[in-house]
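The values are calculated or read from the model by the stated rules, or taken from the named source; none is laboratory data. Source: prediction; values computed, not measured. No Cβ is skipped: glycine too gets one built from the backbone with ideal geometry, and neighbour counts run over all protein chains shown.
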């Protein structure tokens, strides 16, 4: 555990404990406490990483292995702040229980911070389980039928994944003698035949692939995202499953040194599953009728890009993976929060019943356009750069087929998002859209903020690139 | 046959029993019991690994933490099962098909 970052874990946990007591008679206090906690954390991180003197001397006074956790902790706080701010205005009076809801969100933020700052496999497992428990509870926030069903499916698939991770951890214990990340990295860099360690890592990797919802194991993802309480979908899709699954895959990929080919079988397997989920996610998204379900399949497809890059494991690919992880958090949060706005305003997320919302909900419509263009990788926006890095890395490694297919499915992404945009926001006004006013300004603020981040990252990419490059170099070497 | 090989033979058997229990039953309660068996098999691997590497103290520490986590996860899971039973009126896993597409 990195002690410098422990405060980001403990302060949300403390707030999570205080909220049920402090807000028992004043439900609004829960909103304020949760938002203030997350905002304070975010401001603190921004000050640590982005203040001019630190940027000027190339992040020299931030210790080597803290940059990657800091970037991810920043993403976690940013998404969670958007979600709590949105929910504060989204919830109706009394329903659901505010204190419990915010406690769970803060506990999950704290668990995610634990996941990204830990330096050994056992602590990783502990925090992943904490995160899973808070997710079950969050998905069923509004006690709807769909939410319970989604949570049950999530439960029945993540539980065996945890068993696989435990089995992998114990084999690693036999091979290495301890569970530090560093030990595995040194072992992989030495000349000892890596067979058993790679087998153990493959078991752990399999567990995390299930938790990330990569294609053969994606059965729970659309159901959990579609059934969950609307702001919780944004929290889950934006950050929770990315941290609990995809982060660990990227981390394991760098620890196993995929780039020098000592674990090439596992690396190829991971890359193949990544490409498979890009393809299946994009093709399944084309034929969805429900807004949130389409976004869920799109999320599977985008996770595929990150897994593909993590499986390749060259420095350029890891830069792409880290950057796409961050971008995915921004654009998917915008899209899911907008789907929640549409649900609140028009009363449904069924795309057949929606249409022509552009006139009555211009802000929601245009922030969606920015986010979906970024997802599809249209040039000036942030998603373009991360996909470009991933495809360039594949091309450089001589995997032209993979690069071509990744590019092709990027175009399919654009196709299904255009279908979605036309059915929901453009075109003729439907019956449901007639009586759908624009949601209030506080509900729009998170989406607008995230859209601004997307545009800013895209336009200021050369500056950001040096930062992400440094992150990737430090986690690989 | 060494004790270690015996351990892992037993673990594999237990894991298979657990997965079979999950595959063969329709009731969500039995599915949970199957999962429990799988996860108990996984926990036995930790003790076996600790015994093999003469590192039982560490293995015990890990295992006790794992048991605590397991309790929390199972409690959350059982709460979900009860909620699902109250909403749907049955405990059949194949009837959980409200969401599809």
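Before moving on, here are some points about what is shown:
- Residue that is farthest from residue A:250 (Cα to Cα), among those in region A:118-133 that are more than 9 Å from chain B (Cβ to nearest Cβ) and either free of Cβ contacts under 8 Å to residues at least 60 places away in the same chain or more than 21 Å from the chain's Cα centre (by Cα) (or both): A:127
- Residue check for residue A:281: free of Cβ contacts under 8 Å to residues at least 60 places away in the same chain and part of a helix (DSSP H, G or I): no
- Count of region A:124-149 residues which are at pLDDT below 90 and more than 22 Å from residue A:86 (Cα to Cα): 3
- Hey, residue A:166 within 7 Å of another protein chain (Cβ to nearest Cβ), crowded, with 22+ Cβ neighbours inside 10 Å and modelled with pLDDT of 90 or more or not: yes
- Inside region A:169-203, residues that are facing chain B (nearest Cβ under 9 Å) and part of a helix (DSSP H, G or I) make up a count of 6.
- Considering B:63, B:99, B:80, the condition of being surrounded by 13 or more Cβ atoms within 10 Å (Cβ to Cβ) and modelled with pLDDT of 90 or more is satisfied by B:63 alone.
- Candidate set: region A:18-35, residues that are outside any loop (DSSP other than H, G, I, E, B) and surrounded by fewer than 13 Cβ atoms within 10 Å (Cβ to Cβ); chosen: the one modelled with the lowest pLDDT: A:28
- Residue check for residue A:39: loosely packed, with under 15 Cβ neighbours inside 10 Å and assigned to a helix (DSSP H, G or I): yes
- Counting only helices (runs of 4 or more DSSP H) that sit wholly inside region A:343-445, those with at least 1 residues that are over 21 Å from residue A:333 (Cβ atoms) and in contact (Cβ under 8 Å) with a residue 24 or more places away in the chain are A:357-360, A:382-396, A:400-424, A:431-434.
- Hey, residue A:151 within 14 Å of chain B (Cβ to nearest Cβ) and surrounded by fewer than 23 Cβ atoms within 10 Å (Cβ to Cβ) or not: no
- Considered as a group, the residues in region B:20-36 that are surrounded by fewer than 18 Cβ atoms within 10 Å (Cβ to Cβ) and within 23 Å of residue B:69 (Cβ to Cβ) include one that is nearest to the other protein chains (Cβ to nearest Cβ), and that residue is B:36.
- Qualifying residue in region A:284-291 (condition: surrounded by fewer than 21 Cβ atoms within 10 Å (Cβ to Cβ) and touching a strand residue (DSSP E or B) at 6+ places or on another chain (Cβ under 8 Å)): yes
- As for region B:76-86, it holds at least one residue that is within 16 Å of residue A:158 (Cβ to Cβ), within 9 Å of another protein chain (Cβ to nearest Cβ) and within 15 Å of the chain's Cα centre (by Cα).
- Single condition residue B:55 does not satisfy, out of (1) surrounded by 13 or more Cβ atoms within 10 Å (Cβ to Cβ); (2) without any contact (Cβ under 8 Å) to a residue 24 or more places away in the chain; (3) under 24 Å from residue A:131 (Cα atoms): (3)
- Count of region B:37-57 residues which are assigned to a helix (DSSP H, G or I) and more than 8 Å from chain A (Cβ to nearest Cβ): 7
- Scanning region A:134-148 for residues that are under 17 Å from residue A:103 (Cα atoms), at the interface with chain B (Cβ under 7 Å from one of its Cβ atoms) and outside any loop (DSSP other than H, G, I, E, B) yields a count of 2.
- Per the listing A:377, A:355, A:347, the residue uniquely surrounded by 24 or more Cβ atoms within 10 Å (Cβ to Cβ) and on the phi > 0 side of the Ramachandran plot is A:377.
- Subset of region B:84-93 that is surrounded by fewer than 18 Cβ atoms within 10 Å (Cβ to Cβ) and assigned to a helix (DSSP H, G or I) - its residue that is modelled with the lowest pLDDT: B:88
- Test: residue B:90 is under 26 Å from residue A:220 (Cβ atoms) and free of Cβ contacts under 8 Å to residues at least 24 places away in the same chain: yes
- Residue count for region B:6-19, restricted to those that are farther than 12 Å from residue B:39 by Cα, within 13 Å of another protein chain (Cβ to nearest Cβ) and without any contact (Cβ under 8 Å) to a residue 24 or more places away in the chain: 0.
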